[in-house]
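Peer 1: Pasting a structure here, questions to come.
The values are calculated or read from the model by the stated rules, or taken from the named source; none is laboratory data. All figures in this text were calculated on a predicted structure; none of them were measured in a lab. Note that each Cβ is placed from the backbone with ideal geometry, even for glycine, and that neighbours are counted across all protein chains shown. Only protein heavy atoms, including side chains, enter the accessible area calculation; ligands, DNA and RNA are left aside. Shrake-Rupley method; radii C 1.70, N 1.55, O 1.52, S 1.80 Å.
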Amino acid sequence: VIGFGSVKIAAFIAMVGILSIVAQTVFLTSLMRSLGNKNTVLLGLGFQMFQLAWYGFGSQAWMMWAAGIVAAVSSITFPAVSTLVSQNAESNQQGVAQGIITGIRGLCNGLGPALYGFIFYMFHVELTELEPELISDNAALQVQGTIFPAPNFNPVLDAELLGGALQGFGCDKDLLIDILTQRCNTQRLLIAEAYLGAFSRDLVGDLKEKLSNHFKDVMVGLMYPPPSYDAHELWHAMKGAGTDESCLIDILASRTNGEIFQMREAYYLQYSRDLQEDIYSETSGHFRDMLVSLVQGTREEGYTDPATATQDAMVLWEACQQRTGEHKTLLQLMLCNKSYQQLCLVFQEFQSISGQDIVDAINECYDGYFRELLVAVVLCIRDKPAYFAYRLYSAIHDFGFHNKTVIRILIARSEIDLMTVRKRYRERYGKSLFHDIKDFASGHYEKALLAICAGDADDY
């Protein structure tokens, strides 16, 4: 709990075990010769009391390591007790005496876990979860999407229905919406396979041929696997004369290590180009450097070290105050590589040190796309659905309904946390996402977006 991940726990157990062997083989003999059996037992019991008190009052990682060393030394107690009893028992009672000692020890080893489990229950301590202050909102929240696997799924039937809707002179757009927005991505890919088998035609190709404008973008976007859709959006954000920096920020600031790895693979397979190299050539400055750091997907996962949180917060504070190139680099490396849980601790310490929220400090100290990327990373660490609610609100109200942003977020988050995004949207802006989309979009494009958004009755 105190900054110990699985690797540190294994190292801790190994250290205590090795030092216990040393204590019982080297130190025990010397102590018994110099102090005697009885005093050695008392010394061991004293070390045990000391290490238990240390564990109880320890609050930092180094204190746990020190307590482990004391625990290893206290391991001399049992063999010292066994030796003391052996010396004071009759020769014909040795087996009985040693058996009683071993039995008592085994009984205590069994009762101890049950007792501390009962104590934890009485004081409402839950060991299966991290303390709330050690985790980001993303981990604490139960997020939910809006599109789920359809029951009684039949890809062959769906393919035949889509074939009928796309063939001929007309196009049954309502049927396209009813099928493609009500199937999860895996099911849509199975439909595409069945469509190819039934008509010897590519479903995505037919959608591109029969549809147009933003409605086509929605229907075609739904047919991409998530990594391929991210790769598709990044490619189009960088191709041509201009670069859509906001698209790069939205995707790279919010994806996990696994999602970034799959995205890079998909990018290379689809375009025979390296994503990191394209980002490097299409962007510049510290904005480029931070994007390159993010796309490497090397963020620590699940690791926390409260002992270093204050130090990291001081680094952030100095980076916001001095704003040199070196400090910008330290800032971006920390935000790109520390775990979400560790950064939440750092942000709390930053607030205590500076009296200012980290987002406010970044907005005051930096500018341009580098600032936007820094803020996006912080917001995603704190509450990813809230970040996407903010981006949707900005896309709808600040930019006159920025279609690409709305489409990209709705499709990308539809099976992850779009339902939670909708809740954040209503909580923060006092209106429903469903209602705002309905006000700004129209026609089958509107109907498709609303189907993905999956509004409730009170959203109308």
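Peer 1: At 1.4 Å probe size, what's the solvent-accessible area of C171? Round to the nearest 10 Å².
Peer 2: Around 40 Å² of this residue is reachable by solvent.
Peer 1: Net charge around Y280, counting only other residues with Cβ within less than 11 Å of its Cβ (Lys, Arg = +1; Asp, Glu = -1)?
Peer 2: My count for the surroundings of Y280 gives -4.
Peer 1: Shape of segment 252-293 from its Cα gyration tensor (a ≥ b ≥ c, root eigenvalues): rounded if a/c is under 1.5, otherwise prolate when a/b > b/c, or oblate?
Peer 2: Oblate shape, in that a/c is at least 1.5 and b/c is the bigger or equal ratio.
Peer 1: Hey, what do the phi angles of segment 221-227 turn into as Karplus ³J(HN,Hα) couplings, whole Hz, using 6.51/-1.76/1.60 and θ = phi - 60°, x for Gly and Pro?
Peer 2: x, 5, 8, 7, x, x, x
Peer 1: Considering Cα pairs under 8 angstrom that are at least six residues apart, work out the relative contact order of segment 226-296 and quote it in whole percent.
Peer 2: Over segment 226-296, the number comes to 35 percent.
Peer 1: Along its three principal axes, how long is segment 226-296 when you only count alpha carbons? Whole Å, largest extent first please.
Peer 2: Sorted from largest, the Cα extents of segment 226-296 read 27, 23, 18 Å.
Peer 1: Which of K173/K438; K173/K423; K210/K447; K404/K438; K338/K384 have a Cα-Cα distance over 21 Å?
Peer 2: K173/K423
Peer 1: Over all directions, what mean area does the Cα convex hull of segment 212-254 project, stated in square nanometres?
Peer 2: Mean orientational projected area (segment 212-254, Cα hull): 3.4 nm².
Peer 1: Further question on the same structure: At a 1.4 Å probe radius, which order do H236, H444, H327 fall into by accessible area, largest first?
Peer 2: These residues rank, largest area first, as H236, H444, H327.
Peer 1: I'd like to check one number: the per residue accessible area of segment 384-454, probe 1.4 Å, reported in Å² as a whole number.
Peer 2: 38 Å²
Peer 1: Rounded to the nearest 500 deg cm²/dmol, what is the calculated helix-only ellipticity per residue at 222 nm for the chain, with -39500 (n - 2.57) per DSSP H run of length n ≥ 4?
Peer 2: Helix-only estimate at 222 nm: -23000 deg cm²/dmol.
Peer 1: Here's a follow-up. With only Lys, Arg, Asp and Glu charged, each at its Cβ (+1 for the first two, -1 for the last two), find how big the charge dipole of segment 181-278 is about the Cα centre; round to the nearest 20 debye.
Peer 2: In debye, rounded to 20, segment 181-278 gives about 400.
Peer 1: Further question: Under the classification rounded if a/c is under 1.5, otherwise prolate if a/b is larger than b/c and oblate if not, where does segment 384-454 fall, given a ≥ b ≥ c as square roots of the Cα gyration tensor eigenvalues?
Peer 2: It is rounded, given that a/c, with a ≥ b ≥ c, falls under 1.5.
Peer 1: What Kirkwood hydrodynamic radius, in Å, does segment 173-274 give when the mean of 1/r is taken over all pairs of distinct Cα atoms and then inverted?
Peer 2: Its Kirkwood hydrodynamic radius stands at 14.9 Å.
Peer 1: Scaled to the compact-protein estimate 2.2 N^0.38 Å, what is the alpha-carbon radius of gyration of segment 6-88, rounded to two decimal places?
Peer 2: 1.16
Peer 1: Here's another thing I want to ask about it. At q = 0.12 Å⁻¹, what log₁₀ I(q)/I(0) does a Debye calculation on the Cα points of segment 306-382 give, no solvent, two decimals?
Peer 2: Per q value, in the given order, log10 I(q)/I(0) is -0.26.
Peer 1: Putting +1 on Lys and Arg Cβ atoms and -1 on Asp and Glu Cβ atoms, find which of L450, Y55, Q167 reaches farthest to the positive end of the dipole of the chain.
Peer 2: The listed residue farthest towards the positive side: Y55.
Peer 1: To continue, here is another question. Counting Lys +1, Arg +1, Asp -1, Glu -1, what net charge surrounds F261 among other residues with beta carbon under 13 Å of its beta carbon?
Peer 2: That sum, taken over residues with Cβ under 13 Å, equals -1.
Peer 1: Right, something else. Under 8 Å for C-alpha pairs, at least 6 residues apart: give me the relative contact order for the chain, rounded to a whole percent.
Peer 2: 17 percent
Peer 1: Same structure, new question: About its Cα centre, what dipole magnitude does segment 384-454 give when the only charges are +1 on Lys and Arg Cβ and -1 on Asp and Glu Cβ, stated in debye to the nearest 20?
Peer 2: With only Lys, Arg, Asp and Glu charged at Cβ, the dipole is about 180 debye.
Peer 1: Among residues other than V204 whose Cβ falls under 13 Å from its Cβ, what is the net charge (Lys/Arg +1, Asp/Glu -1)?
Peer 2: 0
Peer 1: Nearest 20 debye, what's the magnitude of the dipole of the chain about its Cα centre given +1 on Lys and Arg Cβ and -1 on Asp and Glu Cβ?
Peer 2: 1060 debye
Peer 1: Okay, next question. Name the residue from A386, Y303, I416 whose Cα lies farthest towards the positive end of the charge dipole of the chain, charges +1 on Cβ of Lys and Arg and -1 on Cβ of Asp and Glu.
Peer 2: Going by the charge dipole, the pick is Y303.
Peer 1: Please compute the contact order of segment 246-383 in relative form: average sequence separation of alpha-carbon pairs under 8 Å and at least six residues apart, divided by the residue count, as a percent.
Peer 2: Computed over segment 246-383, the figure is 28 percent.
Peer 1: From largest to smallest, what semi-axes in whole angstrom does the chain give when each is the square root of 5 times an eigenvalue of its alpha carbon gyration tensor?
Peer 2: They are 59, 28, 20 Å, listed from largest to smallest.
Peer 1: Starting from the residue with the highest accessible area, list L335, L330 in decreasing order, probe 1.4 Å.
Peer 2: L330, L335
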